[in-house]
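Everything on this sheet refers to the single structure shown next.
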Amino acid sequence: AATSVLLQGNAKIATKKIFFLPDGSGSATSYVSIPNIGPDVAAFGLNCPFMKSPTDWTCGIETVSLLYLAEIKRRQPQGPYIIGGWSAGGVIAYAVAQALLANGEEVERLLLLDSPCPVNLAPLPQRLHVFFNEIGLLGTGDPSKTPKWLLPHFSAAIRSLSDYEPQPSLKPIKTYAIWCRDGVAGNPGDPRPPPAEEEDPAPMKWLLNHRTDFTDNGWAQLCGNEMKFGVMGGNHFTMMKEPHAQELGKLIQEGLQI
């Protein structure tokens, strides 16, 4: 079963609840640096049921999204629902949104935090996350303390993402996408992963190079045209931490129109 943690707010008095789906790490801790979104907001982070046993994650995104759906319903039995996610978590949030809509529920808002569009998404090579870990972008930032399950979980998540064949939303979803401006290795002289014989896939270039497209990045073909966008400083990893997290919090507020 999926579990969840209260990240911020008071669930008893909140008039809005936000559910953040886990990124490739599988852990809700990715969201702990988001500052308080509002006095009436409670935010929950979900943990992947396969977080510490990633080799058991053999089902696809649509199946795992039903496990998240059950936990979200436990926390909030009725809609409308606000769901979101960072990175791969945004893709899982989209799948959860489809499960909610199929159940006749209302999805008030979908928040995509620098999430790649899952249509024909090329898998990221394993060497990329090894590199991200070596330069201190994963976990606590100390590669010697990276838990044994973390890199295998990224691999399992990447496999699930590339197998996922999303369909256009059952109904248009009000979607707010937040993009960061910087690539992880966008400047001359920045460390880059060692080159390989095969060409770097498009999502890898998107993570490494400075960004140029701050529109739907492909998501409109799934979510419809009710999309709005926010742009912030930082790269795909630093956007989730201070000092950029302050800006992220403000953009989430804008996205929710709180």
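Every number in this text was worked out from the coordinates using simple rules, so none of it is lab data. Keep in mind that this is a model prediction, so the values were computed, not measured. Glycine gets a Cβ as well: all are built from the backbone with ideal geometry, and neighbour counts include every protein chain shown.
For Lys73, a cut-off of 26 angstrom between C-alpha atoms picks up these lysines, skipping any fewer than 8 places away in its own chain: Lys12, Lys16, Lys17, Lys52, Lys171, Lys174. Computed over every Cα-Cα pair of region 164-258 and binned at 10 Å starting from 0, the pair-distance distribution P(r) comes out as 14, 37, 34, 13, 1 percent.
What you get for the chain, charging only the Cβ of Lys and Arg (+1) and of Asp and Glu (-1), is a dipole of about 740 debye around the Cα centre.
Listing Trp86, Trp57, Trp206 from fewest to most neighbouring C-beta atoms within 10 Å gives Trp206, Trp57, Trp86. In plain terms, the bigger the Kirkwood radius, the slower the diffusion; for region 33-137, with that radius from Cα pairs, at 37 °C and 0.692 mPa s, Stokes-Einstein puts D at 212 µm²/s.
Which angle between 0 and 90 degrees, to the nearest 10, do you get for helix 150-163 versus the longest principal axis of the chain when only C-alpha atoms count? For 150-163 against the chain, the angle is about 70 degrees.
Comparing Val184, Ile173, Gly141 along the charge dipole axis of region 124-204, the residue lying farthest to the positive side is Ile173, per the Cβ-charge model.
Taking only the alpha carbons of region 3-256, we obtain Rg and Dmax values of 17.1, 55 Å in that order. Based on C-alpha pairs under 8 angstrom that are at least 6 apart in sequence, the chain has a relative contact order of 20 percent. As a proxy for reagent exposure, ranking Ser25, Ser53, Ser169 by other Cβ atoms within 10 Å from fewest up yields Ser53, Ser169, Ser25. Angle of helix 61-75 to the longest C-alpha principal axis of the chain, folded into 0 to 90 degrees and rounded to 10: 40°. Per-residue Cβ neighbour counts within 10 Å put Lys250, Lys148 in the sequence Lys148, Lys250, beginning with the fewest.
When only alpha carbons are used to place a centre, region 190-253 and region 143-173 end up 16 Å from one another.
Using only Cα atoms and rounding to the nearest 10 degrees, what angle (0 to 90) does helix 244-256 make with the longest principal axis of the chain? In the chain, helix 244-256 runs at an angle near 40 degrees to the longest axis.
Helical content of the chain, expressed as a calculated mean residue ellipticity at 222 nm, amounts to -9000 deg cm²/dmol (DSSP H runs of 4 or more residues, -39,500 (n - 2.57) each, divided by residue number, nearest 500).
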